[in-house]
1. Just need a number here: residues in region 53-95 that are in a helix (DSSP H, G or I) and in contact with a Ser or Thr (Cβ under 6 Å, 6 or more places away or on another chain).
2. Any idea which residue in region 75-95 is surrounded by the fewest Cβ atoms within 10 Å (Cβ to Cβ), counting only those that are free of Cβ contacts under 8 Å to residues at least 12 places away in the same chain and farther than 20 Å from Glu3 by Cβ?
3. When residues of region 41-62 are filtered for being over 16 Å from Leu94 (Cβ atoms) and modelled with pLDDT of 90 or more, how many remain?
4. Among the residues of region 46-73, write down those that are open to solvent by 80 Å² or more (accessible area, probe 1.4 Å), in contact with a strand residue (DSSP E or B) (Cβ under 9 Å, 6 or more places away or on another chain) and of a type in the set (A, V, I, L, M, F, W, C).
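The values are calculated or read from the model by the stated rules, or taken from the named source; none is laboratory data. Note that the structure is predicted; figures quoted are calculated from it, not measured. All Cβ positions, even for glycine, are placed from backbone atoms using ideal geometry, and neighbour counts span all protein chains on display. We work out accessible area using only protein heavy atoms, side chains counted, and drop any ligands, DNA or RNA first. Shrake-Rupley method; radii C 1.70, N 1.55, O 1.52, S 1.80 Å.
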Amino acid sequence: MMELSFEVGMPTTATSFMFADCSSGIENGSFAASMLTGSQLVVDVKVSGFCGYEDYENKLIIKYKETFDPESTFAAFFERAENYAKQYCYKIGLK
């Protein structure tokens, strides 16, 4: 049985662009689009331990990102990233 180890790296920020209000006036050939930006936190979660604790050289890197929430703590972000990676591993058959 594998004993997987999860290491959450330091997050970086990314910007995502979303378009809203595109439906008004389409029928007569004009429409207005407002561009909204949102900051996202992006982090690599390194998974190791596929062949036991001695196997730390082989790693699977899982990307996790979420929209930045100023109300959330970094500890909560790291926990969500690790849980995401654990669920991902489970879904692909790594238990």
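1. Summing the residues that are in a helix (DSSP H, G or I) and in contact with a Ser or Thr (Cβ under 6 Å, 6 or more places away or on another chain) in region 53-95 gives 0.
2. Going through the qualifying residues, I end up with Ala75.
3. Residues that pass the stated criteria total 4.
4. Listed by number, the residues that qualify are Ile61, Phe68.
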